[in-house]
Ligand code: 13P
């Protein structure tokens with residue numbers, strides 16, 4: 001295990017003003033995204049869309065890493081340059097989603113586990129050859145107002161995350177550890193804070209037991225936020241305060257960065273929350289983003305599958321990257337959304 005390499009890659013991904021572009025939608029997920037703009041999910045459309053993302057001018061200013069899906073890591077630009085090379089040449093670290101999606105947790109109605117440990121070492125070796133320098137595994141924690149998640153559901157997901165993270169580090173790949181407490185449902189922000197705290201406590205206990213090097217990993221958690229159907233939505237300040245409080249309680253200072261997922265928040269909310277949290281700093285870790293939808297929703301809306309809109313799509317991505325870069329310094333205000 002190359003400790004210095006793990007540390008330096010983790011730090012590079014969350015360098016000042018930078019975060020992660022999560023472009024690792026699995027085939028069923030990208031189909032959903034394409035359906036929303038009336039575009040057929042063919043291999044060429046997926047390739048072209050990702051090419052538009054990765055060749056956006058100035059992307060490297062605010063993006064330190066990009067998470068790819070298996071198919072995407074094997075794809076290239078029109079000119080035949082593999083995407084991993086395109087990114088690495090610009091100083092952006094290519095990464096790979098390695099979990100194989102969720103399955104119901106037997107006998108725990110409403111809870112999920114993630115598949116993907118079988119054969120993982122062989123896949124990691126190949127991904128490294130293809131240019132990946134970090135990996136991501138997403139655990140999904142369902143939440144309701146009372147019984148879900150169970151202590152067992154939390155423990156089993158924490159264990160899987162730690163097994164994955166330890167295997168990655170053995171092979172000098174930085175693990176992004178993603179325990180996502182969903183924002184679906186009617187629970188309030190208080191319930192989200194309790195559950196997120198329980199999950200993070202369990203995750204770091206398992207990571208520690210598996211001897212994962214905290215300095216050579218990144219955490220990708222949800223923000224502490226009310227469920228979408230909760231009648232009382234918390235303010236930006238409340239979300240930032242609750243999230244920072246929860247992270248300070250449960251995330252060791254040795255972890256170089258926390259890269260939040262957006263989880264279904266609007267692009268503007270996700271940027272605003274990130275900025276507010278950074279304004280409350282300094283923090284022991286970099287506080288950054290690893291957004292999928294909050295970076296890409298405006299890009300998809302601008303692109304609509306048409307070549308004529310490629311430049312507009314790239315401008316939409318540049319805007320989100322620039323604003324999230326400002327949010328890394330706590331310097332974003334909503335008024336900036338109206339600026340060119
Ligand atoms: P969202 O930001 O859309 O939640 O996606 C991030 C991600 O990588 C989910 O695994």
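Rule-based calculations on the coordinates, nothing more; no lab input. Model, not experiment: these values are computed from the prediction. Note: ideal-geometry Cβ built from the backbone for every residue, glycine included; neighbour counts use all protein chains shown.
Identify which of 278, 222, 45 has the largest mean-square fluctuation in a Gaussian network model of the chain, with springs joining Cα atoms closer than 10 Å. Judging by the Gaussian network model, the answer is 45.
If packing is taken as the average count of other Cβ atoms within 10 Å, what order do 230-239, 19-28, 280-289 fall into, highest mean first?
Working: 230-239: 14.5, 19-28: 22.3, 280-289: 19.7.
Top to bottom by mean Cβ count within 10 Å: 19-28, 280-289, 230-239.
For the chain, the antiparallel share of DSSP beta bridges with both residues in that region comes to about 10%.
Which order do the peptides 205-214, 306-315 take when ranked by the mean count of other beta-carbon atoms within 10 Å per residue, highest first?
Ranked from most to least packed, the peptides come out as 205-214, 306-315.
Students often check this: by mean Cβ neighbours within 10 Å, which of 145-151, 3-9, 295-301 ranks highest, and how do the rest follow? Don't skip to the answer; put the middle values down first.
Working: 145-151: 13.6, 3-9: 15.9, 295-301: 21.4.
Those peptides, ordered most packed to least, come out 295-301, 3-9, 145-151.
Restricting to region 17-168, what percent of DSSP beta bridges are antiparallel, rounded to 5? Working shown, then result.
Working: 4 of 16 bridges.
For region 17-168, the DSSP antiparallel bridge percentage is about 25.
Taking the number of Cβ atoms within 10 Å of each Cβ as an exposure proxy, the fewest-first ranking of 191, 334, 90 is 334, 90, 191. For region 50-74 versus region 285-340, the inter-centroid distance based on Cα atoms is 13 Å. Distance from the alpha carbon centroid of region 1-27 to that of region 163-237 works out to 17 angstrom.
For the options 143, 52, 37, a Gaussian network treatment of the chain with springs between C-alpha atoms closer than 10 Å singles out 37 as fluctuating the most.
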